[in-house]
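Accompanying notes for the structure given below.
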Amino acid sequence: MFTQAIVRTPGPDAGSGLTTSTLGKPDHPALLRQHAAYVQTLRDLGLTITHLDALDGHPDAYFVEDAALMFPELAVVTRPGAPERLAEAEALSATVARFRPMVQLSAPATLDGGDVLAMGKRVFVGLSERTNKSGAEELAEILRPHGYSVTPVRVPAGLHLKSSVTWAGADVVVLTEALSEDFLGYEQLVVPADEAYAANVLWVNGTLLMPRGFPRTEAMLARLGLPLRVLEQSEVQKMDGALTCMSLRF
Ligand code: CIR
C-alpha cells in the first residue's frame, strides 16, 4: 500500500517541454485541470501529497517520476537521459531525501524513472532513448544488496518502458503485444494496437487508474474486478506524458 505521493504543478511553460506527439500543443488550463484531478484522485485513495511548485525553466518537471525512484529501502535520484531534464533530478533530491536514504546515479549512466517498472523485488529497466546500459547496470548494483533483481528490456516503441507496460496489481501486467515475450511469468492483459496509450495504467491501493477514451481496454480492465478511475489525460498525452509519470508513490 502507498501512503505518500510527490507531485509538482505544471509550469506556465509546460507546452514547450519535449514531445514526439503530433497531437498539438496542450491547452494550459485544461492541463492544469487534468493534473489537479489526478492529484485529487491520489488524495482520495488515501495518499498524503507533497505538492511541489512548478520548476522555473523546466517545462517537463511535473513528470516527477523520471527524476527519482522510490523503493521501501531507499530513494534513487536518477540522471534523466534528455540533457534538458538533467537538472530536475537535483531539484527533487532534497524532497526525496526527507523520506528515504538517498543515492544518486552517476555519469555515464542515464535513466528516466519512466523506464523502471518495479513489481516487488523484480525490477524491469527499459533500454530506451533516455536510459542507457550504464543506467540499468548502476541501478542493478544499487538494488542488489537489498534483494532486488534487475532485468533490462529493450523498449520497442514509445518514449519509455512504462509507455507500453505497467503493473495492475497481483501478478497482472497491462502491455502492448510487442512486450509479451518479456513478461512471460505474468498474467498479461494485452491492449489493442490502436489503444496502446492505455497500456499505462496506475495501481493505487487496490484501485486502477486508466486514461479516458480507450473503451476496449476499459472493458478488459473492468473484468479484473478492481475499482477503476478513468481520468482525462488528453493534454498530458500531448506532452508524451501518462498517468505513472506525474507522481512518485511510496
Ligand atoms: C519528456 O519527453 O521527457 C516529457 N515530455 C514526458 C515525460 C513522460 N514521463 C514518463 O512517461 N515517465
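The values are calculated or read from the model by the stated rules, or taken from the named source; none is laboratory data. Just so it is clear, the structure is predicted and the values come from calculations on it, not from any experiment. Note that we place each Cβ from the backbone using ideal geometry, even for glycine, and neighbour counts take in every protein chain shown. What goes into the accessible areas is simple: the full protein's heavy atoms, side chains included, and nothing from ligands, DNA or RNA. Shrake-Rupley method; radii C 1.70, N 1.55, O 1.52, S 1.80 Å.
Give the stretch 197-250 a look and list any residue that's under 25 Å from residue 77 (Cα atoms) and of a type in the set (Lys, Arg), or say none.
The answer is 249, and nothing else.
Which ones in the stretch 78-90 are in contact (Cβ under 8 Å) with a residue 40 or more places away in the chain and surrounded by fewer than 21 Cβ atoms within 10 Å (Cβ to Cβ)? It would help to see each step written out before you state the result.
At the first step, the residues of the stretch 78-90 found to be in contact (Cβ under 8 Å) with a residue 40 or more places away in the chain are 78-82, 84-85.
Hits for the stretch 78-90 are 82, 84.
Would you say residue 137 is open to solvent by 50 Å² or more (accessible area, probe 1.4 Å) and either over 17 Å from residue 244 (Cβ atoms) or without any contact (Cβ under 8 Å) to a residue 60 or more places away in the chain (or both)?
Judged against the criteria, residue 137 is a match.
Per-residue answers, yes or no, for (1) open to solvent by 20 Å² or more (accessible area, probe 1.4 Å); (2) within 16 Å of the ligand (Cβ to nearest atom); (3) among the hydroxyl-bearing types (Ser, Thr, Tyr):
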{"site": "196", "(1), (2), (3)": "yes, yes, no"}
{"site": "219", "(1), (2), (3)": "yes, no, no"}
{"site": "223", "(1), (2), (3)": "yes, no, no"}
{"site": "227", "(1), (2), (3)": "yes, no, no"}
{"site": "234", "(1), (2), (3)": "yes, yes, yes"}
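Filter the stretch 45-61 for residues that are within 15 Å of the ligand (Cβ to nearest atom) and either part of a strand (DSSP E or B) or in contact with a helix residue (DSSP H, G or I) (Cβ under 6 Å, 6 or more places away or on another chain) (or both) and give the result.
Here is the first cut: in the stretch 45-61, the ones within 15 Å of the ligand (Cβ to nearest atom) are 54-55, 57-61.
Listed by number, the residues that qualify are 55, 58, 59, 60, 61.
Name the one entry in 93, 106, 149, 128 that is open to solvent by 10 Å² or more (accessible area, probe 1.4 Å), away from the ligand (no atom under 13 Å from the Cβ), farther than 28 Å from residue 205 by Cα and at pLDDT 95 or above.
Values: 93 fails: farther than 28 Å from residue 205 by Cα; 149 fails: farther than 28 Å from residue 205 by Cα; 128 fails: away from the ligand (no atom under 13 Å from the Cβ).
106 is the lone residue from the list that is open to solvent by 10 Å² or more (accessible area, probe 1.4 Å), away from the ligand (no atom under 13 Å from the Cβ), farther than 28 Å from residue 205 by Cα and at pLDDT 95 or above.
Going by the conditions given, is residue 89 in contact with a Ser or Thr (Cβ under 6 Å, 6 or more places away or on another chain) and not in a loop (DSSP other than H, G, I, E, B)?
Criteria met by residue 89.
Across the stretch 124-136, which residue is farthest from residue 185 (Cα to Cα) among those that are outside any helix (DSSP H, G or I) and of a type in the set (A, V, I, L, M)?
Among those that are outside any helix (DSSP H, G or I) and of a type in the set (A, V, I, L, M), it is 127.
Given (1) open to solvent by less than 10 Å² (accessible area, probe 1.4 Å); (2) within 15 Å of the ligand (Cβ to nearest atom), identify the lone condition not met by residue 75.
Against the list (1) open to solvent by less than 10 Å² (accessible area, probe 1.4 Å); (2) within 15 Å of the ligand (Cβ to nearest atom), residue 75 comes up short only on (2).
Is it the case that residue 240 is open to solvent by 50 Å² or more (accessible area, probe 1.4 Å) and either in contact (Cβ under 8 Å) with a residue 12 or more places away in the chain or more than 17 Å from the chain's Cα centre (by Cα) (or both)?
no
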